[in-house]
Amino acid sequence: RPPERTREYLESLLRLEQGLKLRRKTEASSLWDSGDMLGGVRQTLDFSGHRALLKTRSVELRVEEIDDDRCDANLTADLSNQRGEYLSLGGILGATLGVLFVLAGVQNPLFLLGVPPALAAPGLGFKFAYRRACVEIRRTLDDLLDAAEEGPPQEVEEPPDRGDRPPGQIRGLKPIPRFAPQPRNE
């Protein structure tokens, strides 16, 4: 596809389907993010999973011309905020569980053996969740690029000419006598 049409189509997909806001646009690229604090709320309340890119810090779109009717599109997502969230949640949960085992270990030293697994298990769980989020975002970016390869949907055909019929009148139908307005006899 030509680069300008591809860029416009990808930008409309990022804006309409993913709910991202344009932050900066240059000739070479455009930078998108989830917007203000409302974007974080939209991300939290998006249970459908259709707007995975709201979880990213930013998404960069680059469309480069190869020749007149071909281009190269590249989407790059910054997930550093997700990594930080998962790391801090894992640390908080691990410390909470570790403290429970330490307090129990005061009574019985056997419970102190549970401290290392209590610190490690939440970290491993959140590492798995982070990888799953990365796969989901990568899949969304691939879907957007696949949609750009297919191009925008074809223009919707205009309805056939109505002729001289007024709006609301259907050709070839006779009204049902019971429900048709009856003339008043005065």
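The values are calculated or read from the model by the stated rules, or taken from the named source; none is laboratory data. Being a predicted model, the structure only gives us computed values, none of them experimental. Every residue, glycine as well, gets a Cβ built from its backbone with ideal geometry; the counts of neighbours run over all protein chains shown. Heavy atoms of the whole protein, side chains included, go into the accessibility calculation; ligands, DNA and RNA do not. Shrake-Rupley method; radii C 1.70, N 1.55, O 1.52, S 1.80 Å.
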At R0 = 45 Å, how high is the FRET efficiency between A104 and R83 if r is their beta carbon distance? Nearest 0.05 is fine.
0.90
Can you give the accessible area per residue of segment 68-119, in Å², using a 1.4 Å probe?
67 Å²
Would you kindly state how much longer the chain becomes between A95 and R5 on full extension, computed as 0.36 nm times their sequence separation minus their alpha carbon distance, in nm to one decimal?
27.2 nm
Length gain on complete extension for the stretch L113 to D143, per 0.36 nm per residue less the alpha carbon to alpha carbon distance?
6.1 nm
Compute the distance in nm between two label points, each set 7 Å from the Cα along the Cα-to-Cβ direction, one at K21 and one at V135.
3.3 nm
16 Å cut-off, amide nitrogen to a point 7 angstrom out along S29 Cα→Cβ, residues in segment 79-98
79-80
Once amide H atoms are built 1.01 Å from N in the peptide plane, which residues 5 or more positions from G35, or in another chain, come under 5 Å H to H?
K21
Chain lengthening between L124 and D72 when straightened (0.36 nm per residue, less Cα-Cα):
15.0 nm
